[in-house]
Each structure stands twice: as C-alpha cells, then as structure tokens.
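For reference, the structure discussed in these notes is given below.
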Amino acid sequence: MRLAVFTSKYPARVATFFERDMRGLIDAGVEVDVFPIYPLDPTMWQYSLDLLDKTVLPRERVHHLSLPQALRSAPWPPRRAVTALRDVAAVTASALRFGPMAVAKSAYVMPKAWAWAARFPDHFDHVLAYWGNYAASCAYAFHRLTTRRTPFSIWLHAGTDLYRNPVFLKQKLLYADSIITCIDFNRSYVEQHFADIAPRVRDKMRVSYHGLALAEFPYAPDGRPEARVLAVGRLAPEKGYEYLLRAAADLVGRGVPLEVEILGDGPEAPALRALSASLGIADRVRFGGWVPFRDVRRAMQQATVLVQPSAGLGDGLPNVIREAMALGTPVVASRIAGIPEALDDGRCGILVPSKDVAALADGIARMLGDPGLRRTYAERARRRTEELFDMRRNGARLAAHLNGVRRGSPEPATVAALSEVPPC
C-alpha cells in the first residue's frame, strides 16, 4: 500500500510521535509519502529521530510546497473546478465561526491541495490526514480531486485538532472511511460533542495508540535520586505547572527535601519563574528550557518521579508519560483525558484530580516516601508500555486496519480491534 500522509509541520523541533507512527507503518510494509502543509525549514532536520532518517524515509518522499510555489504550480481552474470551489466555500464558511486566523489557515492550504492533486492524481492507495485540523482540510481537498477511488482516513489527537477550533471537522468525519484516534477518551469526546452525527461515525472509529521504539527506552528503575521531581512539556496554562509549583512549596513546607526540574518553553515561562520566586522555592526549581529529546530521556532516567499536572484538555495523552513508564520512572498525573488509560486507572501510577494542589502534593509525597511503591508502579508501567505502546506492534495493527478500509464501505468488525486495552 502506498499511503499519502498529510501533517502540519515536518520536520519539526518536536515530532517524536509522528516519526514513531510513520516508522511503525514503514516497518509493516507501507510505502509512506508525507505532505506537510507548512514549508520546509531545513534547520529542523537536525531534530529528526534517527529511526526516520533519510535511509528509512527518503527526503524526496517528503513533499514541501511554499505558498508561492503552490500558487504557481496549481492549475487554474483546478481539475474538477466546481468541486474545488464548492470545497473552498464550505471550508471557509465553517472557518468563519472560529475567527480570521482560522479562515486564513483554511485558505492557505487549498492551493497546496490543488497543486499536489495535479502532481499526484492517481499515485496513492489511501489518503491519511494525520491531524484533524488544517492538514485534514488539505487532505480532504486533495482526495476529492484525485482520480482513483481510494479510502480516506482521519487521525484525531487532542487540543490542536479536536478539543479546540474544530474547523470543518464534522464534515470531514462524515466524509472519512475510517476515523483513528490516539486514545479511547476521544471516542467518548466525539460521541458527546458531535452527538448529532455520532450514530453515523461511531462504527468508523478505531483507537491506535502512539508507540515507542522500546529498545531505545531501557527499563532502569534503580539508582535514582531520593527526591527529584521532573516535568516536561510546553509551558502553557493547560499543562498545569502552576499547580506543580504550589504543590512543591507545600512539600518544602512539610520538610520534604525535593528538587524540581521543568524542561520546556512557552508563554507561561516568565510567570512560572516569578511564581517560584514568590513561593520561596526558586532555589529548589530549575527551568531547563527546551532541550532535544535525547536530553529529555536522560532527565527522565535521572528523575525520581515524573509529574504531569495537566489542568485542562490540551494533550490527549502526553508523550512523556509513555516514555517515563517505559524507562521505569514512576508517574504522578492528573486524572484527565487519556492519562487514566495509560496508567490503567491508577494501577500503573498515581492519579490526582486536576488543579487540586493538596492532592497533587500528597501524591508526590507518597511516591517520594515509598521506594517499594515506586518499584511496584515502575514494574507495572513497563509491562503496560509493552502491551499498549510497542511502536512496531501498533504499526502492524494500523497497517492491517488501513489495508482493510474500502472507500464508502466501513471495515467489518472482524478486522483487528485496535482499541483492545489489556490490564496491567
């Protein structure tokens, strides 16, 4: 199967789960071509994981177009001009509800879809929109202009493409032959927030967890410091780092000799630094800024516990939780979105209510104070990553699913259950 995958930005500073998903499909025998809607920034290749280097995904199969290039190369009028223009009108009408930026981004991808469809009219066996947002709008417009009757699938993730600003998403869900999502939580989210179309899309939905190349995550729970708390991610309000700092101040007040390391950058960085100072714990908190993945992995290997204090629907399931689980780093995290799925409802880590400083402090204290508990959670979590988050196994299941999808005909229920979730 030759698969056209539409994504947002690739290469990118952080694209680890995309690269792992693509490698899983490639290892399963799928020929992958990638269509990023944003133009190439060649300096970003240095951040690409080795598992998707140019020997695995040749760079000529990553198709970049700047907007001027697209405008020059897109035929005018485009093939099936009536279809193309109707799509522009429909997508734009949906985007108007979400403001001028949504309209601009929707308009931005249309010439790219036309140019790519003119260049690749019948090259692919399946079209996959890796994100449900503007990349999916581009994939949708592309698919409708190609000449072959091929299946169209859409992959839903989290805040970027499902929980916020779902531009034209209802129409894309109805159009898709298969709807893949990275966590089971998203199935219930679609049922609730798209209730009017839920009966028509329910049977098309499948769960495919993002995987890890487990050989790159050696299980090593021993030799950790006594009280080093690590948090990793974009410094944004939905990540909840304010609550981590307040919980840390509570623990310092109890006499717990902890140190906190926060890796990442974002709009909340100045406010978080100021908060740590005002709480009197600036000497206990290190803001490491953005670092490459290899340094994140090293920090997880040297931490006593990973804390993910999510304060709202942003990530469906933060990558660092899976990664920490694989490495033997115990996890304390908010009970939100797909996090309880990963931690098996608290059997593979400590879950606390979101935005609850006291509960978060108690959870961290409990983990730091009990080496036996840390070992138990680490062992259970590693087994769970092997069951749920094996990149090659998940890639093979996803490839089998995509191979079974037919245009206009939902896949029979007997084809693989991607959503089976074994216990710890």
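No value in this document is a laboratory result; all are computed from the given coordinates. On a predicted model such as this, the values are computed, not experimentally measured, just so you know. Here the Cβ positions follow ideal geometry from the backbone for every residue, glycine too, while neighbour counts run over all protein chains shown.
Structure data summary
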| quantity | calculated |
| --- | --- |
| Under 14 Å, Cβ to Cβ, from VAL109 - net charge with Lys/Arg +1 and Asp/Glu -1 | +3 |
| Which of VAL229, LEU174, VAL320, positive extreme of dipole for the chain (C-beta unit charges) | LEU174 |
| Mean Kyte hydropathy of 0.0 or more with a Cα span along the axis of at least 15 Å, helices from DSSP in the chain | 81-95, 100-119, 134-145, 241-253, 357-368 |
| Projected label distance in nm at ARG13 and ARG59, using a 7 Å step from Cα toward the beta-carbon | 2.2 nm |
| The stretch 224-315 shape via C-alpha gyration tensor axes, a/c threshold 1.5 | oblate |
| Net charge contributed by nearby residues that have their C-beta within less than 12 Å of ARG80 (K/R +1, D/E -1) | +2 |
| Unsatisfied cross-links (Cα-Cα over 20 Å) in the set LYS170/LYS355; LYS204/LYS239; LYS9/LYS239; LYS105/LYS170 | LYS170/LYS355; LYS204/LYS239; LYS9/LYS239 |
| The stretch 1-149 - charge dipole about Cα centre, Lys and Arg +1 at Cβ, Asp and Glu -1, debye rounded to 20 | 580 debye |
| Rg/Rh for the stretch 254-297, where both radii come from Cα atoms and Rh is the Kirkwood radius | 1.02 |
| Extreme residue, positive dipole direction of the chain, given options GLY24, LEU245, MET1 (C-beta unit charges) | MET1 |
| Expected 222 nm ellipticity per residue - DSSP helices of 4 or more, -39500 (n - 2.57), all of the chain, to 500 | -12500 deg cm²/dmol |
| Total charge dipole magnitude, the chain, about the Cα centre, Cβ charges on Lys, Arg, Asp, Glu only, Debye to nearest 20 | 1120 debye |
| Total charge dipole magnitude, the stretch 214-388, about the Cα centre, Cβ charges on Lys, Arg, Asp, Glu only, Debye to nearest 20 | 200 debye |
| Top positive-direction residue, dipole computed over the stretch 214-388 with Cβ charges, set VAL291, ILE339, LEU272 | VAL291 |
| Gyration tensor verdict on the stretch 266-376 (Cα atoms; rounded if a/c is under 1.5, prolate if a/b is larger than b/c, oblate otherwise) | rounded |
| Pairwise label distance in nanometres, GLU379 with ASP41, each label 7 Å out on the Cα-Cβ vector | 4.5 nm |
| Within-15-Å neighbourhood charge of THR304 [Cβ basis; K, R +1; D, E -1] | +3 |
| Mean Cα-pair separation over length for the chain, i.e. relative contact order, pairs under 8 Å, 6 or more apart, % | 17 percent |
| Alpha-carbon centroids, the stretch 336-401 and the stretch 198-270: separation in whole Å | 11 Å |
| Contour minus Cα-Cα distance for ASP283 and GLN302 (0.36 nm per residue) | 4.9 nm |
| Shape call, the stretch 332-378: gyration tensor on alpha carbons, a/c limit 1.5 | oblate |
